[in-house]
Amino acid sequence: MLDKIRKGEIKLVVQRFSPFSEVSREVSRSLSLPRYPEGAIISMLERRLEEKEVELICLNCFNRWKTRVGRLDDRPKCRRCKAIRIGVVTEGFPNLKKRLKDEEKKIVSRVSASASLVVSYGKFAILTLAGRGIGVTTAARILRNFRFIELLRSEEERKRLLKEIWRAEIQYARTRGFWD
């Protein structure tokens, strides 16, 4: 067959994708994108999450501070009162000395829920919440498949957690256009 092509007995016709064909566009894009080994992606993700700065609040004494995820102890505690009920502060967190509006109450509720995750999963809850587009509900869904002690002991379990965070970030990237 190759000889017939070389001799010109069989002609090859190259056809371009229709600009309206989403399927063909996706196929051509997936063929042209470089493929990184999964291990390299997970390592880059871990480095990014460990370097991310988060703001934390103690729900006991309301002390607030910022730190990088990688600097946290396995079981984070308040620097002032040593309490373990530490929440991850999200944007729009209100001043707790005034009367709260309904929207502010929702934000406080999410921070309280994040503190519950931190009590159960320690630093791994904060690491999960540091992922792009990962809120308390998604973090809880991811973390319920893990045990804190296993995450501490097993590198394999930590890599599995990072893969789940990666999947959640991909899902968020695909659907963020539909969010409010």
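Each value in this text was obtained by applying a stated rule to the coordinates, not by laboratory testing. Note that the structure is a prediction, hence the values are computed from the model and not measured. FYI the Cβ positions are ideal-geometry reconstructions off the backbone, even for glycines, and counts take in every protein chain you see.
With a threshold of 18 Å on the Cα-Cα distance, the over-threshold entries among Lys82/Lys123; Lys123/Lys159; Lys77/Lys163 are Lys77/Lys163. Between Ile84 and Ile41, the simple label model (points 7 Å from Cα in the Cβ direction) yields a spacing of 3.5 nm.
Neighbour counts of other C-beta atoms within 10 Å: give me Phe124, Phe146, Phe178 arranged from fewest to most. List each step's numbers first, then the result.
On the way: Phe124 25, Phe146 19, Phe178 6.
Ordered by Cβ neighbours within 10 Å, fewest first: Phe178, Phe146, Phe124.
Overall dimensions of region 49-178, expressed as equivalent-ellipsoid semi-axes from the Cα gyration tensor (√(5λ), whole Å, largest first), are 24, 19, 12.
The residue list Val88, Tyr172, Leu72 was ranked by how far each Cα lies along the charge dipole of region 49-178 toward its positive end, using unit charges on Cβ atoms, and Val88 comes out on top.
From Cα pairs below 8 angstrom and at least 6 apart in sequence, can you work out the relative contact order of region 49-178, rounded to a whole percent? Walk me through the numbers before you get to the answer.
Values: 179 pairs, mean separation 26.3, N = 130.
Reported relative contact order: 20 percent.
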